Amino acid sequence: MSDTDELDFEELFDDADREPPSRSARLKRTLDVTVLAPLRIALHDWRAVVAGGILVLYALMGTVGVWLAKKPSSGDHPKLEAPFQHVAYPLGTDLYGRSILDQIIHATPDMFRMIFAGAIVAVGVAAVVGLLSGFMRGTWVDALLMMLADMIITIPGLPLIIVITAIFQPTNPFVVGVFLGIDMWPGLARTVRSQVLSIREESYVEASRIMGLPTPSILRRDVAGQLMPFILVNAALTSRRVIFESVALYFLGILPFTTYNWGVLMNLAYQENALTRSELLPWLVFPMITIILMSFAFVLLSQAMDAIFNVRLQARHAETIDEDEEVAG
Amino acid sequence: MHPRYVLKRTGQMVFTFFATVTLTFVLYQAMPGGPAEAMRAMILAESGDVGGSVSLDLLNEMVEHYANVNPDQPLHVQYYNYLHSLLVEGDMGTSIYQGEPVLDLILQRAPWTMFIGVYALTMGYAVSLFLGAAMAYKERSLFDSVSSTGVILLNSVPYYIFAIVLVYVLGIKYSLFPINGRYGTFVDPGFTLEYMGSVVRHAVLPVVSMGILATGGALTMRGNAIRVLGDDYVRVAELRGLRRSRVAMQYVGRNSVLPLYTQFMIGIAGVLSSTVVVEEIFAYNGMGKLLYDAVLLHDYPLLMGTLLVFTTITLIAIYLADLTYGYIDPRISTGESNE
Amino acid sequence: MTDDVAIEIRDLEVTFDVERGESNVVRNVDLDVYREETLGIVGESGSGKSMVALSLLDAIPEPGGASGEVIYHPENGDPVSVLDLDPEALRRFRWEQIAMVFQGAMTSFNPVMSIREHFRETLQDHGYDVPAGMERGTGILEQLYLDPDRVFESYPHELSGGMRQRALIALSLILEPEVLILDEPTAALDLLMQRSIINLLREIQATFELTLVFITHDLPLLTKIADRMAVMYAFDFVEIAGTQELLHHSGHPYTRALLSTTPDLTTPPEEIQTIEGTKPDPVEYISGCSYHPRCPMADEQCRATEPGLMDVRANHEASCHYHADVPDEITIRNRPRGVIDE
Amino acid sequence: MSEPLLSMDGVTVEFNSSGGTLDLLSNEQPVRAVDDVSLDVGENDVVALIGESGCGKSTLGKAAIGSQRPTSGSVSYRGQDVWDARKDRGAVRIPFEEIRRSLQIIHQDPGSALNPNQRVLTSLMLPLKKWQPELGYEEREERILTLLEHVGMSPPEDFVNRYPHQLSGGEQQRVVLVRALLLNPDMILADEAISALDVSLRVEMMDIMLDLQSVFDTSFLFISHDLSNARYIAQQAGGRIAVMYLGEIVEIGPVEEILENPQHPYTKVLKWATPELYEEREEDVPIREIDVPDPTNPPAGCRFHTRCPNAREACRESHPEPYAVGPDHDSQCFRSDESHEYWESEPLHD
């Protein structure tokens, strides 16, 4: 390497003579790494496949299903028909002659609305608070936000929500979702904060800063990139909690029965002593199964998410990256 | 432990308590039309005076009597009086529906809720911690995958649905456990074996239903334990020829439980929350049911009172958990916390 | 040094099942450790030196396994075949006969236990007299220039790196083992602390009549403590000799390259060289001599036949077909002018 | 003498030991990581900064490249105060952007210096795109590939699409070096940049750095705890060695001077601690105390007096100033002043 003394910066590059990859090859590479590789992992992971399948089913139920099944009302059909007997009401009917399946279907869109609002509020607030707090560690902003989070962690969520809903009586599913999100963000915000603190310590964040990369770019690439899997996993888990809590509120009869909800069905059936009257049992059991299946999908999804966002797995599933270059230790 | 740490935690607890008291006050004010309007209808209905001949002054007096809030006074005076009667006189107002002091009503119920709450929490976490550790030790075995799937399934079932299933199967189908009340109808309370037995039998199903809330901890515990098992100090402990039981408890166990702490803290509030639904399903006369009934009857003073006591109990539990945590993890109390 | 063998290693193999197939991280190793000597094992990271050390305590982590023979000869008593011990006997054997000190002293201690507790439980689980043992521990800590009262009360995170490492050395001696294995015991420390610890270890060895096995990638440091050195390359020993013998008469091209790539304070920088090529992959099998892809002297024979250890001089073995030609072919360029081959 | 590339004047950096500022109950004294240090780095210069861990060498390095704000004192780049430029105070001759690009860093742990979620190409593209927006995608990629090949990663096309975990430690460190060099900086802070590598790779890495230094005319501030590595890189480049102890530079000078004519007892101790392959063993540890004192509460007087083999009463009482002992060679020890009262005072005993 003795002759390099005569080389200088520009010459080094002028000497270079190589064929850069074409635009289409680049596009293919980006697509492969960012979209196809995670998709391939998902397809290889039974949890992702099952969760995806179930959720697509519910999504169909909430869109096409609502359009196919007519809005149930009292006296549509004979009362208390057994399930699996008639195509018009495959899951049987309730005490008022309404098809149980139709009621379950018509409850789906509002459930999705609640989940959407609840998860957005909980995860969104948690992400903003956690990021802010983590980046302003040691300042009064951090102390204040964490104090607030600790306080809300301390207040038992359901009683608080019950009191709030009892006072405000929300009917809009989005509003219900927002209320439910209130007690879910603090724990998550604390974890996001500690993640931010550890990411901030990583040398690559410092390197990006010293290279003068703009803050939004650092936030997006270095911080959010690391936090994203974590946030998505928690979005799935939060969705499950929104289902649990909203159904509980309807089941207890605390929220006004202005909408179809699986909890409303359970409430009515339970009030009529469905447990001791076998002809009422389908009215209670089918909504229960619906709830369990949907939350099962979200739990599975959260588990699969860990694998999908694993860089090592992604590298292995990307076609444009040499496979066996894993270096041990 | 570091005295500064204890002082700091105590200060935080007192502050949070004040904040919660303030929150209940704010909630009173936030009621549609303010506290006076909201309660007026209740009081009128309760006093049987539908005609509305009660004078405004008398009504306001009654609102103050029930809720410790006099709507005629400026806000800061109202707030001062509210705090004063609550903290100095220990007066949480009076139940509109039952006419008794809120505090008395709560004190009669609180021990029952604490009883099932503490057992649900302890047993739920004990089971999930041991299960998680066992899964980690047998990583990738059949036991591990079966248990993991089981825990995932259990995590997908809301605790109240679990309670309903328990009622149906163990209570109604096989009549193994009572499904109503805190003890048998024909049992006299007292220090008798019969009474205690009845109390325990009545608590089983509520405790189990609430306990499954904690099973999510098993998967986290599994993850932690797998990580700790790969840590150097565990390998060194094995190389030092320590007994397996000591390595399992003092090394793997202790270090994998520590990060579960935050989850445990939130769990305290979660289990107490679940009493509202569970006590209603089992007609168990505890604080949760008290709160539920208060909501249905729009008994606002009672509602606020129970919320306050619920929060206070959680607050104290978390405070104690925090102090013991500082004791078992020396890194926290000397300020080396990794947050 | 005597010819009294403390540990005999024969045909030792360590294999791991990895996704890409079986990887052989120790291949057919033979080695003797003499009583009360300091044996230095030197090699790059991933050469398999730590695995040899762990095999001495039958402690290869899952999913790996050791096969072959490791025979331990206690000063008084019958030989022990370490790899055949039952779990309880192995538990007692560890730390009582052979103790081990790791690189990461920070991570070698349980973070939630005080140092005293570490000493106490070790004595207790081995059925030693605890008060007498703690007394001994106090003495060892003092010998390592530590304040016993302060160190015993401390938690691992409250000690500096150098103190923790010395506390760990003290802990390793608490059961009075005959053999102490040190796996990169100083790699995370500053030079001054490294050198101080080396000196302390020499004192400790004399006091406790210890057999030391010192593993490192730091060749210059090793020469300051080792009586004998074993050079490991690609999962096997390529040269074994007394320290001075190895420094002056090395018969293996790799050892010579290693000696030439080490900067010190006296060699002119332009004479320091780099080793060409990259280190081998444990899954790929290299036929013949494992060093041939990087060796300037490699020919057909090297590519075809594995040399195996052969005698170079008295008490000096190297696995090179051309060990006799090596000193002439490959000069150790950074040797000071004054030092000449005898 | 021409204006230095980088000039630090009386730089002091203090930290809050707890890290938090809202802790009302805390009454801890701030920790001085760097105490009143002045150091100039010239064009195409190499300064090796050595010292034990916790002596403040990393903090000083970060203050030098403008990533750690000094509590007092100033850091200037080609005569422009770095923090004035950043805050846009006074007449700013060189915009902060320009300074930012000119001062770069290589970290100790290459594994954590690269974003694990980004392929090598992405990590290298981003800074280039920011600083040379006039280049097209192809030109940028071409430069990256050329540089990678130049540092011995060939064929570079194979490496750019990998994730950091698919590279060995040495390869990761080369990528980090390339990333810094793409900005064509005037000075690179190499913070223990080779200590995480195998001994056999260290010389190779230093050779690459030296080679690139001549190609790019870059100065290096090379931080290490290893005197032999510091000497290797500094001597090749005709640079200096600065010895740090508890926040102060206790001796600085040209490599040959420091090695052959060390003045400060601490420098001599470090020299003793550096193992030589062909040197006979020296038995005794020449220091009185093997542990470094608590940096949060450094000793009064000369900070080294608690460990110094030559310490006397005077060292405990007063703090030495740097004494010029030769051209470009300063030592902060009373022993360099022949008329100092040190020579009359009693030696210290343990």
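One table, with the values for the structure above:
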item: Given A:28/D:62; A:28/D:130; B:8/B:138; D:62/D:271, the pairs whose alpha carbons are separated by over 32 Å; result: A:28/D:62; B:8/B:138
item: The protein assembly as shown - share of DSSP beta bridges that are antiparallel (%, nearest 5); result: 60 percent
item: Accessible-area composition of chain A, carbon plus sulfur, in percent [1.4 Å probe]; result: 62 percent
item: Accessible-area value, residue B:192, 1.4 Å probe, nucleic acids and ligands omitted, Å²; result: 60 Å²
item: Rounded Å value of the spacing that divides the Cα centres of the stretch C:250-323 and the stretch A:140-187; result: 68 Å
item: Mean ellipticity per residue at 222 nm, deg cm²/dmol - from DSSP H runs of n ≥ 4 across chain D, formula -39500 (n - 2.57); result: -9500 deg cm²/dmol
item: Taking the C-alpha atoms of the stretch D:6-259, convex hull volume expressed per residue in Å³; result: 144 Å³
item: Debye-sum result for the stretch D:238-300 in log10 I(q)/I(0), which assumes one identical scatterer on each alpha carbon, at q = 0.16, 0.25, 0.27 Å⁻¹; result: -0.65, -1.18, -1.25
item: For the stretch C:232-329, accessible area per residue (1.4 Å probe, heavy atoms of protein chains only), Å²; result: 42 Å²
item: Environment charge at residue A:181 (Cβ cut-off 15 Å; Lys +1, Arg +1, Asp -1, Glu -1); result: +1
item: Carbon + sulfur, % of accessible area of the stretch C:232-329 - ligands and nucleic acids excluded, 1.4 Å; result: 48 percent
item: Cα-Cα pairs of the stretch C:232-329 separated by more than 23 Å (percent); result: 25 percent
item: Surface accessible to a 1.4 Å probe, per residue, for the residues of chain D, Å²; result: 37 Å²
item: The stretch D:198-304 - convex hull of the alpha-carbon atoms, volume per residue in Å³; result: 138 Å³
item: Inter-probe distance in nm under a simple model that places probes 7 Å from Cα toward Cβ, at residue D:268 and residue B:262; result: 5.4 nm
item: Alpha-carbon gyration tensor eigenvalues x 5, square-rooted, for the stretch B:224-338, Å; result: 42, 16, 9
item: Debye intensity ratio in log₁₀ form over the Cα atoms of the stretch B:102-333, taken at each q of 0.14, 0.17 Å⁻¹; result: -0.97, -1.22
item: Inter-label distance for residue A:88 and residue B:201, nm, one decimal - labels placed 7 Å from Cα along Cα-to-Cβ; result: 4.9 nm
item: Table column - 3J(HN,Hα) (Hz), the stretch C:63-79, Karplus curve with 6.51, -1.76, 1.60, x for Gly and Pro; result: x, x, x, 10, 9, x, 10, 10, 10, 9, 9, x, 4, 10, x, 7, x
item: Where GluC sites (Glu not before Pro) fall in DSSP loop in the stretch C:1-64, at most 16 other Cβ within 10 Å; result: C:19
item: Chains D and A, summed buried accessible surface - 1.4 Å probe, Å², nearest 100; result: 4700 Å²
item: Computed helical MRE - 222 nm, chain C, DSSP H runs ≥ 4 contributing -39500 (n - 2.57), nearest 500; result: -9000 deg cm²/dmol
item: Over chain A: helical MRE at 222 nm, DSSP H runs n ≥ 4 each giving -39500 (n - 2.57), nearest 500; result: -21000 deg cm²/dmol
item: Formal net charge of residues neighbouring residue D:175 (Cβ-Cβ distance under 12 Å; K, R +1; D, E -1); result: +3
item: Base-10 log of normalised Debye intensity for the stretch A:173-329 (one unit scatterer per alpha-carbon) at q = 0.11, 0.16, 0.18 Å⁻¹; result: -0.67, -1.01, -1.14
item: Cβ-based net charge around residue C:216, under 12 Å, with every Lys or Arg adding one and every Asp or Glu removing one; result: -3
item: Chain B, accessible area per residue, ligands and nucleic acids excluded (1.4 Å, Å²); result: 45 Å²
item: Signed unit charges on C-beta, dipole axis of the protein assembly as shown, positive-most listed residue D:262, C:24, A:86; result: A:86
item: Beta bridge orientation in chain D: antiparallel %, DSSP, nearest 5; result: 60 percent
item: Shielded residues, the stretch D:124-164 - accessible-area loss of 40 Å² or more between chain alone and all protein chains, probe 1.4 Å; result: D:126, D:130, D:137, D:138, D:141, D:142, D:143, D:146, D:150, D:161, D:162, D:163
item: Surface/4 estimate of mean projected area, convex hull on alpha-carbon atoms of the protein assembly as shown, nm²; result: 62.5 nm²
item: Residues along the stretch C:79-116 losing 40 Å² or more of accessible surface when the other protein chains are present rather than the chain by itself (probe 1.4 Å); result: C:91, C:94, C:95, C:102, C:107, C:108, C:110, C:111, C:112
item: Descending Cα extents along the principal axes, the stretch D:262-350, whole Å; result: 39, 33, 27
item: Chains C and B, summed buried accessible surface - 1.4 Å probe, Å², nearest 100; result: 2300 Å²
item: Whole-Å semi-axes of the ellipsoid equivalent to chain A (Cα gyration tensor, √5λ, descending); result: 50, 27, 14
item: Cα centroid of the stretch C:130-191 to Cα centroid of the stretch C:18-55, whole Å; result: 26 Å
item: Surface/4 estimate of mean projected area, convex hull on alpha-carbon atoms of the stretch B:106-196, nm²; result: 8.5 nm²
item: Kyte-Doolittle mean at least 0.5 and Cα axial length at least 15 Å: DSSP H helices in chain D; result: D:120-131, D:199-216
item: For the stretch C:43-150, convex hull of alpha carbons as volume per residue, Å³; result: 166 Å³
item: Cα-based equivalent ellipsoid, the stretch A:49-124: semi-axes from gyration tensor eigenvalues, Å; result: 28, 14, 10
item: Accessible area of the stretch D:6-259 belonging to carbon and sulfur atoms, whole % at 1.4 Å probe; result: 44 percent
item: All-pairs Cα distance distribution in the stretch A:193-233, expressed in whole percent, bin size 10 Å; result: 30, 57, 13, 0
item: For chain C, the spread of Cα positions along each principal axis, largest first, Å; result: 64, 46, 41
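The values are calculated or read from the model by the stated rules, or taken from the named source; none is laboratory data. In this text the structure is predicted, and so the values were computed from the model without any measurement. Glycine also receives a Cβ, built like all others from the backbone with ideal geometry; neighbour counts cover every protein chain displayed. With ligands, DNA and RNA removed, areas are computed over all heavy atoms of the protein, side chains included. Shrake-Rupley method; radii C 1.70, N 1.55, O 1.52, S 1.80 Å.
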